[in-house]
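These notes concern the structure reproduced below.
The values are calculated or read from the model by the stated rules, or taken from the named source; none is laboratory data. As the structure is a prediction and not an experimental result, all values here were calculated from the model. Every residue, glycine among them, receives a Cβ derived from its backbone with ideal geometry; neighbour counts consider all protein chains shown. Accessible surface areas use protein heavy atoms only, side chains included; no ligands, DNA or RNA. Shrake-Rupley method; radii C 1.70, N 1.55, O 1.52, S 1.80 Å.
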Amino acid sequence: MKRTPLYENHIVLNAKMVDFAGWEMPIQYESITNEVMSVRKNIGIFDVSHMGEILIEGDDTAKFVDYLLTNSFGSMKIGQVMYTTMCNEKGGIIDDLLTYRLGENRAMLVVNAANTQKDFNWIVEKSATFNVKVSDLSMDYGLIAVQGPTSEEFLRRFAPDVINLSYYTFASYTIFGKYCIISRTGYTGEDGFEIYCKWNDTPFIWEELLTRGENFSVKPAGLGARDVCRLEASYMLYGNDMDENTTPLEAGLSWVVKFEKDFIGKENLLKQKEEGLKKRIRGLEILDKKIARHGMEIFKNGEKVGVITSGTFSPTLGKSIALAMLDSQLKISDEVEVDIRGTRVKARIVKLPFYRGSVKIS
Amino acid sequence: MKKYAKTHEWVKVDGKIATVGITNFAQDKLGDVVYVDLPQVGKEVKKGTAFMSIESVKAASDIYAPVSGKVVQVNTKLNDQPELVNKDPEGEGWLVKIEMVNQAELNDLLDEEAYKKLCEEEG
């Protein structure tokens, strides 16, 4: 199993380690609930070094990345970050990812750990007729996410300029004497930053953040808290809420599909848009304390109308919530029933997001 | 007398009544408990079969009856404070009381030392 540069740090912190996409990762340190509350009220720091970083450079970068991704790379300025999907010819999602415009002809794609090799192979294959070079830098960089409403105030102590970073932008910094790239991004619904640093510098930066963060109640948070936070904020999780059989339109991600340019999968997505969706992701509030989990079936009037894609108990909202792929005929505030281990439990379709945190969308 | 099932339930016996809960080892594995699906009082349970479940943030876990009998009391405190299972699993976080029909079944359960060994093996 692969280990991030912070493996030893997690062991010292007595983290419970699990296999996540072939990586030995901390699922929790003390308590998932407390870690979620730490992110919501103060600051939680996450090891996300397992994410993949793929560099694309060369004269055709803009042309190629625009062809590769559904969102528009060409309209990005240097220093901007963009959330996007990467689709196959059928319009199915190969991955959801962040794109960093490093330069006029340089792009960094930050992809899901489980998909890094698949994405890299796909990108290399599709790049054949373009003048670009594709490199996998995943094992060169560690990544620490600093998430929470007071994260700007905290990071400004070591990197005063982070105040100039608006949501979804990045710049290079030297913190604690180490070079890194900091972006105002994250996947928790709170204001926050992600710090890309050299693999071997990662433990030092992690330790400094924890030590100097005492007054800010900086706590390490694991994958368990990350999953709860992203679901409360209604962010999709690849492999749960979407996969190659889901299109971005069905996943509620039509905002990252730019039909005015050419890209892989456009034809089928356009067709789907014109014909209308048969199914789409919706939010559910479970009207019981039971928790709906991935794969559970959903019924209305005795007929199957969908399936749960993600579900959890939300400590922030004090109720059980879920994302579900549902028949598109169903509407907000409709009631359905979820089959939770043989018991039909009532649930209501609700507007997303479930929770809106301190993210500063400018 | 306290005994343990291999499925990580503990049993404390007082006459015919067995108080049942999950062990400290089990609550630690489960993580934050957010909902305890208690059975109805009067429910007949059979040793070794799942008769209730506990939901943690991570997953739902079935609880197996360590002895056969009838549920005569449930810990209703857990409806509002499921976290008692984490805080005091072998005390205030008890789950149910079962009136046993066959006390000989207790002989199949582990004593403290054997259970401790099992936990060490399971890590």
Roughly how crowded by other chains is peptide B:53-64, in terms of the mean Cβ count from those chains within 10 Å of each of its Cβ atoms?
4
5 Å is the cut-off here: which amide hydrogens, built 1.01 Å from N in the peptide plane, fall below it relative to A:Ser49, excluding neighbours closer than 5 in sequence?
A:Leu143
Run the dipole for the protein assembly as shown about the Cα centre, Lys and Arg Cβ at +1, Asp and Glu Cβ at -1, nothing else charged, and hand back the magnitude in debye, nearest 20.
1020 debye
From the C-alpha gyration tensor of chain A, pull out the three semi-axes of the equivalent ellipsoid (sqrt of 5λ each), sorted largest to smallest, in whole Å.
32, 28, 17
Out of A:Ser254, A:Leu284, A:Ser328, whose Cα points farthest toward the positive end of the dipole of segment A:237-331 (charges: +1 Lys, Arg; -1 Asp, Glu; placed on Cβ)?
A:Leu284
Just going by the charge dipole of segment A:1-50, with Lys and Arg at +1 and Asp and Glu at -1 on Cβ, which of A:Tyr7, A:Met25, A:Gly44 is farthest out on the positive end?
A:Gly44
For the peptides B:11-18, A:44-51, what is the packing order when you average, over each peptide's residues, the other Cβ atoms within 10 Å and list the highest mean first?
A:44-51, B:11-18
Evaluate the distance, in nm, between pseudo-label points positioned 7 Å from the Cα of A:Glu244 and of A:Glu335 along their respective Cα→Cβ axes.
4.1 nm
Gaussian network model of chain A, Cα springs within a sub-10 Å range: biggest mean-square fluctuation belongs to which of A:Glu214, A:Glu232, A:Glu153?
A:Glu214
DSSP bridge pairs, the protein assembly as shown: antiparallel proportion in percent, nearest 5
95 percent
Choice from A:Asn240, A:Asn121, A:Asn301 showing the highest fluctuation, given a GNM over chain A with Cα pairs closer than 10 Å:
A:Asn301
Reference-scaled alpha-carbon Rg (2.2 N^0.38 Å with N residues) for chain B
0.97
Need the list of aspartates and glutamates near B:Lys12 for cross-linking: C-alpha distance under 17 angstrom, and skip anything on the same chain fewer than eight residues off.
B:Asp88, B:Glu90, B:Glu92, B:Glu99, B:Glu105, B:Asp108, B:Asp111, B:Glu112, B:Glu113
What number comes out for the charge environment of A:Val307, summing +1 per Lys or Arg and -1 per Asp or Glu over other residues with Cβ under 12 Å away?
0
Determine which aspartates and glutamates satisfy two conditions relative to A:Lys346: a Cα distance under 15 Å, and not lying fewer than 8 residues away in the same chain.
A:Glu285, A:Asp288, A:Glu297, A:Glu303, A:Asp334, A:Glu335, A:Glu337
For segment A:248-362, with only Lys/Arg (+1) and Asp/Glu (-1) charged at the beta-carbon, what is the dipole magnitude about the Cα centre, in debye rounded to 20?
380 debye
What three numbers, in Å, describe the spread of the alpha carbons of segment A:273-322 along their principal axes, ordered from the longest?
40, 25, 16
Among A:Asp161, A:Asp95, A:Asp136, determine the one that fluctuates most according to a GNM of chain A built with springs between C-alpha atoms less than 10 Å apart.
A:Asp161
Beyond 30 Å between alpha-carbons counts as too far, so tell me which of A:Lys178/A:Lys360; A:Lys41/A:Lys319; A:Lys133/A:Lys273; A:Lys133/A:Lys178 fall in that bin.
A:Lys133/A:Lys273
Mind listing the Cα extents of segment A:124-166 along all three principal axes, in Å, largest one first?
46, 22, 17
On average, how many beta carbons from a partner chain sit within 10 Å of the beta carbon of a residue in B:28-40?
4
Go ahead and estimate [θ] at 222 nm for chain A from helices alone: -39,500 (n - 2.57) per DSSP H run with n ≥ 4, summed, over the residue count, rounded to 500.
-5500 deg cm²/dmol
Shape call for segment B:69-118 from the C-alpha gyration tensor, a ≥ b ≥ c root eigenvalues: rounded (a/c under 1.5), prolate (a/b greater than b/c) or oblate?
oblate
Working with all protein chains in place, sort A:Thr61, A:Thr150, A:Thr129 by solvent-accessible area computed with a 1.4 Å probe, largest first.
A:Thr129, A:Thr150, A:Thr61
Per its Cα gyration tensor (rounded if a/c is under 1.5, else prolate when a/b beats b/c, else oblate), segment A:146-221 is best filed as rounded
Once Lys and Arg get +1 and Asp and Glu get -1 on their Cβ, which of A:Gly192, A:Ala347, A:Leu102 lies farthest toward the positive end of the dipole of the protein assembly as shown?
A:Ala347
To the nearest 20 debye, chain B has a Cα-centred charge dipole, built from +1 on Lys and Arg Cβ and -1 on Asp and Glu Cβ, of 380 debye
Roughly what would the spin-label model give for A:Thr343 and B:Val41, points 7 Å off Cα along C-beta, in nm?
1.8 nm
Shielding by other protein chains, B:78-84, mean Cβ within 10 Å:
1
